[in-house]
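J.: Mind looking over this structure? Questions follow.
The values are calculated or read from the model by the stated rules, or taken from the named source; none is laboratory data. None of the values given here were measured: they were computed from a predicted structure. All Cβ positions, glycine included, derive from the backbone under ideal geometry; neighbour counts span all protein chains shown. Surface areas here come from the heavy atoms of the whole protein model, side chains and all, with no ligands, DNA or RNA. Shrake-Rupley method; radii C 1.70, N 1.55, O 1.52, S 1.80 Å.
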Amino acid sequence: MKHLILITLTAILLGLASCSSTSPSNIPTDLSAAQILQLGQNAESIGQYKDAETYFITTIQRYGMDNTVYVEARYELGNCYLKEKKYDLAKGCFTEILSIYEDTAAGALPGAFLKLAKIGLSKIPE
């Protein structure tokens with residue numbers, strides 16, 4: 001009996017968790033860039049790469065005019081592609097980030113994404 005109750009409670013909790021999550025197809029317009037990026041990172045961490053890609057692209061579409069947000073979202077997108085072994089797409093993201101840093105005054109963007117993009121490129125097989 002205890003086993004049946006535990007299974008039932010687990011099923012209810014999983015059902016509630018799936019209902020309360022934000023779907024990429026219906027991303028609220030009032031979310032900040034950081035919130036959407038976090039949703040993408042959460043999706044990516046559980047292997048929901050298509051959802052993660054949607055969140056990162058949405059971040060770029062909504063907040064990409066801010067170079068810092070754009071670079072972070074492009075890095076996250078590249079990292080997602082890398083995990084999916086979509087190496088050409090990942091390389092495009094990481095290479096674009098490097099060129100943005102070349103064209104931007106020193107210190108105008110966080111240095112972390114320059115380094116992370118270089119690391120990402122190094123993980124792509126020849």
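J.: Specify the residue that is surrounded by the fewest Cβ atoms within 10 Å (Cβ to Cβ); the eligible residues are those in region 56-69 that are part of a helix (DSSP H, G or I) and free of Cβ contacts under 8 Å to residues at least 24 places away in the same chain. Can you show your working first?
T.: We begin by selecting, within region 56-69, every residue part of a helix (DSSP H, G or I); these are 56-63, 67-69.
Now narrow it down to the ones that are free of Cβ contacts under 8 Å to residues at least 24 places away in the same chain: 57, 60-61.
On the way: 57: 17, 60: 18, 61: 10.
Here the answer is 61.
J.: Test residue 76 against the stated conditions and say whether it is surrounded by 10 or more Cβ atoms within 10 Å (Cβ to Cβ), modelled with pLDDT of 95 or more, closer than 21 Å to residue 124 by Cβ and out of contact with any Gly (no Cβ under 7 Å at 6 or more places or on another chain).
T.: Values: surrounded by 10 or more Cβ atoms within 10 Å (Cβ to Cβ): yes; modelled with pLDDT of 95 or more: yes; closer than 21 Å to residue 124 by Cβ: yes; out of contact with any Gly (no Cβ under 7 Å at 6 or more places or on another chain): no.
It is false that residue 76 is surrounded by 10 or more Cβ atoms within 10 Å (Cβ to Cβ), modelled with pLDDT of 95 or more, closer than 21 Å to residue 124 by Cβ and out of contact with any Gly (no Cβ under 7 Å at 6 or more places or on another chain).
J.: Let me ask something else. Can you name the number of the only condition in (1) in a loop (DSSP other than H, G, I, E, B); (2) more than 30 Å from residue 105 (Cα to Cα); (3) open to solvent by 50 Å² or more (accessible area, probe 1.4 Å) that residue 47 fails?
T.: Every condition holds for residue 47 apart from (3).
J.: I would also like to ask the following. Considering region 80-126 alone, what residues qualify as being within 20 Å of residue 47 (Cβ to Cβ), in contact with a helix residue (DSSP H, G or I) (Cβ under 9 Å, 6 or more places away or on another chain) and open to solvent by 30 Å² or more (accessible area, probe 1.4 Å)?
T.: Answer for region 80-126, where residues must be within 20 Å of residue 47 (Cβ to Cβ), in contact with a helix residue (DSSP H, G or I) (Cβ under 9 Å, 6 or more places away or on another chain) and open to solvent by 30 Å² or more (accessible area, probe 1.4 Å): 83, 84, 86, 87, 89, 123.
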